[in-house]
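Any read-out appearing in this document is the output of simple, stated calculations on the displayed coordinates, not a laboratory observation. Quick caveat, the model's predicted, so the values are computed rather than measured. Cβ sites come from the backbone with ideal geometry, for glycine too, and all protein chains shown count toward neighbours.
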Amino acid sequence: MTGTCLPEIGLDPSLKAEIDSLAVTFATVDAAEAVALRSDIGAPLKTSRRWLTFCDIARSTIEQRGYIVIRGLTPDEGRSLLILGSAFGGPFDTYKPGRIVKRFRMSPWTTELSHTTRTGDFHTDGNVSETPPIWTAIQCECEDPGAPEYAEQRVAFLPQVLARLASGNPADGEALTLLTEEVVALAHERNTATWRGLLVQNGTIRYHPHSLRVADSRLRVGRPNLDSIIATIHRASVDVSLPFHTRPGDTVLVSNLTALHFRGACSVRFTRFPSEFESRSLYVLHVKGSGA
Ligand SMILES: [Fe+2]
């Protein structure tokens, strides 16, 4: 059920050179973001047969598998990630005015989900939003110092998760019911936003165990089997996904509507305890919707 192999491609060196040539025209990532918000940052590549072929492969692979891993880029503060993100043809999401690319660095001194070193959950991004982003793009800047033992990544494709739960035991059936038939709430821990509805509908999913737990607590639902259902969905997602790692520049393009993404526990290597350490860092951006 996992597919025969990881959906990955090595970037053609000539296409990489074309992307790099475009990326260096932006003095800063801020300048690249400004262009990406007012126009198609990838427009200069529209005459490149290699680029158009790459876009076709990326989009069709994500449609069939939920994600694609692209090897061979160079981390450049988000410039090449913005160019790759333009392959989706939709507008970029902003997390504050004018800003698209977020940088995360794992830290042993935080409990924030996006940069804690603790094991993450299979989830979608922006799950409490009225309209979650359609695609997520993640580029490795620095590899985890403990890789490959640490920072394992996985993506579980929704049709495979649902099929796995549908063919399992009663506990799997209970998890499938929660996902597909029960109106539940998701809530954000740092604001009052709450979303209610079916987690899976029309072939799409919004899901985050933490958002389910926050809503369950805030709304005083006290569902007794919530943790066991979350654990069941996690096991099913592991069963249908493949482990992989990314090196600097490697980029994961993933559907935020038809796939759950995950990363395992991360490590740090202290160079001067407690404030200086080496750890995994990455760039992330979101695309809101399909363009013309
Ligand atoms: Fe995420």
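Mind checking the full-extension length gain between VAL183 and ARG71? Use 0.36 nm per residue of separation minus the Cα-Cα distance, one decimal, nm. Don't skip to the end; give the middle numbers.
On the way: separation 112, 0.36 × 112 = 40.32 nm, distance 3.97 nm.
Between VAL183 and ARG71, full extension yields an extra 36.4 nm.
Who wins for biggest fluctuation among ILE134, ILE233, ILE57 in a Gaussian network model of the chain, springs between alpha carbons below 10 Å?
Among ILE134, ILE233, ILE57, the largest GNM mean-square fluctuation belongs to ILE57.
So what is the relative contact order for the chain, in percent, with contacts set as C-alpha pairs under 8 Å and at least six apart? Could the numbers behind the result be given before it?
Values: 572 pairs, mean separation 96.0, N = 292.
Answer for the chain is 33 percent.
Between GLN139, GLN153, GLN201, which gets the highest mean-square fluctuation from a Gaussian network model of the chain, Cα cutoff 10 Å?
Comparing GLN139, GLN153, GLN201 in a Gaussian network model of the chain, the most mobile one is GLN201.
Can you give the alpha-carbon Rg of the chain over 2.2 N^0.38 Å, where N counts its residues?
Working: Rg = 19.1 Å, N = 292, 2.2 N^0.38 = 19.0 Å.
So the chain has a normalised radius of gyration of 1.01.
Along the positive direction of the dipole of region 121-180 (beta-carbon charges: Lys, Arg +1; Asp, Glu -1; about the Cα centre), which of VAL128, LEU179, PRO145 reaches farthest?
Checking the options against the dipole of region 121-180, the answer is LEU179.
Given a cut-off of under 8 Å on Cα pairs at least six residues apart, what relative contact order in percent is computed for region 127-246?
On the way: 133 pairs, mean separation 44.2, N = 120.
Once divided by the residue count of region 127-246, the mean separation gives 37 percent.
At a 10 Å Cβ-Cβ cut-off, how would you order LEU162, LEU45, LEU285, fewest neighbours first?
Neighbour counts put them in this order, fewest first: LEU162, LEU45, LEU285.
If the label point is 7 Å along Cα→Cβ of ARG223, which residues in region 174-201 have backbone nitrogen under 13 Å from it?
Residues passing the 13 Å test: 174-187, 195-200.
Over the Cα atoms of region 74-177, each weighted equally, I'd like the Debye log10 I(q)/I(0) at q = 0.15, 0.18, 0.19 Å⁻¹, rounded to two decimals.
Values, matching the q order: -0.90, -1.16, -1.23.
Calculate the dipole size of the chain relative to its Cα centre from +1 charges on Lys and Arg beta carbons and -1 charges on Asp and Glu beta carbons; express the result in debye to the nearest 20. Can you show the working numbers first?
Working: 31 positive and 32 negative charges, 73 e Å.
That gives the chain a dipole magnitude of about 340 debye.
Report the Cα centroid-to-centroid distance between region 150-187 and region 268-288 in angstrom, as an integer.
30
Give the distance, in whole Å, between the Cα centre of region 204-224 and the Cα centre of region 4-50.
38
For region 50-205, give the magnitude of the charge dipole about the Cα centre (Cβ charges: +1 Lys/Arg, -1 Asp/Glu; no others), in debye to the nearest 20.
Details: 15 positive and 19 negative charges, 99 e Å.
Rounded to the nearest 20 debye, it is 480 debye.
Pick from ARG196, ARG206, ARG164 the residue whose mean-square fluctuation is largest in a GNM of the chain, springs joining Cα atoms under 10 Å.
Residue with maximal mean-square fluctuation among ARG196, ARG206, ARG164: ARG196.
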